[in-house]
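Report on the structure given below.
Nothing in this text is a laboratory measurement; each read-out follows from the coordinates by a stated rule. Being a predicted model, the structure only gives us computed values, none of them experimental. Heads up, the Cβs are rebuilt from the backbone with ideal geometry, glycines too, and the neighbour counts pull from every protein chain shown.
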């Protein structure tokens, strides 16, 4: 089982240029991993400002009044809304620390591609982007919608076959 330097839980990223289809692929792979019995957590990095609560909601009013973090909890789910006062890019390690091995068996990561942890690169030659794997020795596989020549240590997966990618995660990544 491969774990990152950050966590005792296996961590696997999906790295690609914006618009390649990372979120789409992850939403297709997740149900397949869950069907195999895995509990999967996810960290998604955004370069944009976002809000999960809205004007008029109690959580928004409490946050605007100065509470941070604000924890919303029910018998169904929990959300933690925390303000970052030093507006620097977050580090993956601090996000992974929020997960417990009692809660998840695998953490998928979308984004944080410059950090050192195992990743599957997504590549669509039609987008005209350079391949990442020549400059990132943490890429363990390449998923593409075209046939590419890859080194023997980097398996080529079909980007349009989520079952193939899920099988790679289950049979290769988690078993190594």
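In nm, to one decimal, how far is the residue 127 label point from the residue 67 one, both placed 7 Å along Cα→Cβ?
In this crude label model, residue 127 to residue 67 measures out at 3.9 nm.
Specify the residue with the greatest mean-square fluctuation among 44, 119, 22, computed from a Gaussian network of the chain linking alpha-carbon atoms under 10 Å apart.
Comparing 44, 119, 22 in a Gaussian network model of the chain, the most mobile one is 44.
So for 45, 54, 86, fewest C-beta neighbours within 10 Å to most, what's the order?
Working: 45 15, 54 8, 86 4.
So the ranking, lowest neighbour count to highest, is 86, 54, 45.
Sort 11, 73 so that the residue with the fewest other Cβ atoms within 10 Å of its own Cβ comes first and the one with the most comes last.
Values: 11 25, 73 9.
Ordered from fewest to most neighbouring Cβ atoms within 10 Å, 11, 73 come out as 73, 11.
Per DSSP H run of n ≥ 4, the term is -39500 (n - 2.57); total these for the chain, divide by its residue number, and report the mean residue ellipticity at 222 nm rounded to 500 deg cm²/dmol.
Numbers: 4 runs with 33 residues, N = 176.
Result for the chain, helices only: -5000 deg cm²/dmol.
Say we join alpha carbon atoms closer than 10 Å with springs in a Gaussian network model of the chain; which of 110, 121, 89 then has the biggest fluctuation?
The residue with the greatest mean-square fluctuation here is 89.
I need 84, 14 ordered by Cβ neighbour count within 10 Å, fewest first. The partial results should precede the final answer.
Values: 84 9, 14 23.
Ordered from fewest to most neighbouring Cβ atoms within 10 Å, 84, 14 come out as 84, 14.
With label points built 7 Å along Cα→Cβ from the Cα atoms of residue 146 and residue 103, find their separation and express it in nm.
The answer from the label model is 4.1 nm.
Pick out which of 63, 113, 39 has the largest mean-square fluctuation in a Gaussian network model of the chain, springs linking Cα atoms closer than 10 Å.
Result for the chain, Cα springs under 10 Å: 63 fluctuates most.
Round to a whole angstrom and tell me the spacing of the C-alpha centers of region 67-91 and region 95-171.
The two parts, judged by their Cα centres, are 28 Å apart.
Full extension from residue 85 to residue 171: what is 0.36 nm times the residue separation minus their Cα-Cα distance, to one decimal in nm?
26.8 nm
Given the chain, what percent of its DSSP beta bridges are antiparallel, to the nearest 5? Can you show the working numbers first?
Numbers: 4 of 24 bridges.
Just about 15 percent of them are antiparallel.
Could you compute the FRET efficiency for residue 78 and residue 136, with r as their C-beta to C-beta distance and R0 at 30 Å, rounded to 0.05? Let's see the in-between values first.
Details: r = 34 Å, r/R0 = 1.12.
FRET efficiency, residue 78 to residue 136: 0.35.
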